[in-house]
Amino acid sequence: VPLEKAAKGKLQKQICQVVLDHFEKQYTAELGDAWSRVRDVLTSPWCWQHAVLLNRFSPSPGLESSLAGQGYHPAFPAALPYLPAAFRCYSRAAPGRFPAQKHQPGRLKEYYLLNAASLLPVLALEVKDGERVLDLCAAPGGKSVAVLQCACPGYFHCNEYDDLRSRWLEQTIESFIPDPVINLITVSKLDGRQIGDLQPEFYDKVLVDAPCSNDRSWLFSADPQRAVLRLMQRKELSCLQFQLLRSAVEALRPGGSLVYSTCTLSRAENSDVINLILSSCSNVVPVDISGMARGVSQEFTFLSGMQQHELLVLPEKGRAWGPIVLWSWFFSS
Ligand code: SAM
């Protein structure tokens, strides 16, 4: 049996019908026609793509030519004004996965495999050398690693509440970041909702990559009973997201900026949370990120009709990135 056919058969069986039915109802109402195109990609894992983010701290001589030989090209146009010179990420339209590198103590990895759209929140944050940066919900650490490909913060706080995932985060950082840069990083296991009180007005930049209903992985829940429970508890996520976001705003210094992102299409976890924050914090000012969207429109499909400070990446065949939703603001005094 051809490999792709075998993979297709195996993966198709794993779709969790109760989740698909729930999404079908909700997202048809929220996204209209766009949902059926997104559904086709999300339910076809053999079409999924992976991008390869190179680790500037562990350059590998033959890697870029090997990627080019396999049809990979730079995922982001080099001319984009917010793209740091050292930042290298490759993607290709064809599905399939570049081999992952195993964790080997004492040895840095050369690249990180990820959904290319998950880099957009990091790029929108525009971290500069020397800044104080907080990654409020950081495990497994993909965006923390990406931040460090863009700049060298003066202080970088990576937080993860869950014990197990926090260890995973530590391992990711050890695998990608060498001395002395690693000494700029503090990993904590705090409830992100408390950081605003603990470190008020401290950070130049805060990333809130919030816990959310992860549309891609929920569709493949192995345990339907657990999936039903998760769907029932979905409403509680909006409350957690709002509290995390409020804490993040409190942790920002006046003039600092913040990006909120999720990997769900759910309005309750996106624009509803944002609208609640905007109505409860008068000193939060939206940042226009439409220029970034125009700059990367070759690689990503965005939902049209969004405001200038919000982006929603819709997965499409051949550009199967997302779903990722992001917002950007700065905090005025
Ligand atoms: N930013 C990560 C990356 O790019 O690799 C992914 C983050 S994931 C979407 C959200 C994370 O938030 C999960 O690891 C989850 O355990 C964590 N989390 C959940 N509740 C939290 C809380 N109250 N405070 C901090 N982190 C929390």
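Results for (1) within 24 Å of Phe76 (Cβ to Cβ); (2) touching a Gly at 6+ places or on another chain (Cβ under 9 Å), shown as yes or no for each residue.
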position: Ala124; (1), (2): yes, no
position: Lys143; (1), (2): yes, no
position: Cys158; (1), (2): yes, yes
position: Ile185; (1), (2): no, no
position: Lys189; (1), (2): no, no
Identify the residue in the stretch 185-194 that is assigned to a strand (DSSP E or B) and out of contact with any His (no Cβ under 6 Å at 6 or more places or on another chain) and, among all such residues, is surrounded by the fewest Cβ atoms within 10 Å (Cβ to Cβ). Ser188
Picking from Asp162, Asp129, Asp197, the residue that is over 28 Å from Ile289 (Cα atoms), surrounded by fewer than 23 Cβ atoms within 10 Å (Cβ to Cβ) and free of Cβ contacts under 8 Å to residues at least 40 places away in the same chain would be Asp162
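Does Lys102 fit the bill of being surrounded by 14 or more Cβ atoms within 10 Å (Cβ to Cβ) and on the phi < 0 side of the Ramachandran plot?
Against the criterion (surrounded by 14 or more Cβ atoms within 10 Å (Cβ to Cβ) and on the phi < 0 side of the Ramachandran plot), Lys102 does not qualify.
Before we move on, is Ser297 at negative phi, of a type in the set (S, T, N, Q) and out of contact with any strand residue (DSSP E or B) (no Cβ under 8 Å at 6 or more places or on another chain)?
On the way: at negative phi: yes; of a type in the set (S, T, N, Q): yes; out of contact with any strand residue (DSSP E or B) (no Cβ under 8 Å at 6 or more places or on another chain): yes.
When the stated conditions are applied, Ser297 passes them.
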Residue, nearest to the ligand (Cβ to nearest atom), within the stretch 228-238, restricted to residues that are closer than 15 Å to Thr264 by Cβ and part of a helix (DSSP H, G or I): Leu237
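Just so you know, all these numbers are worked out from the coordinates, no wet-lab data involved. Please read these numbers as outputs of a predicted model, since none were measured by experiment. Cβ sites come from the backbone with ideal geometry, for glycine too, and all protein chains shown count toward neighbours.
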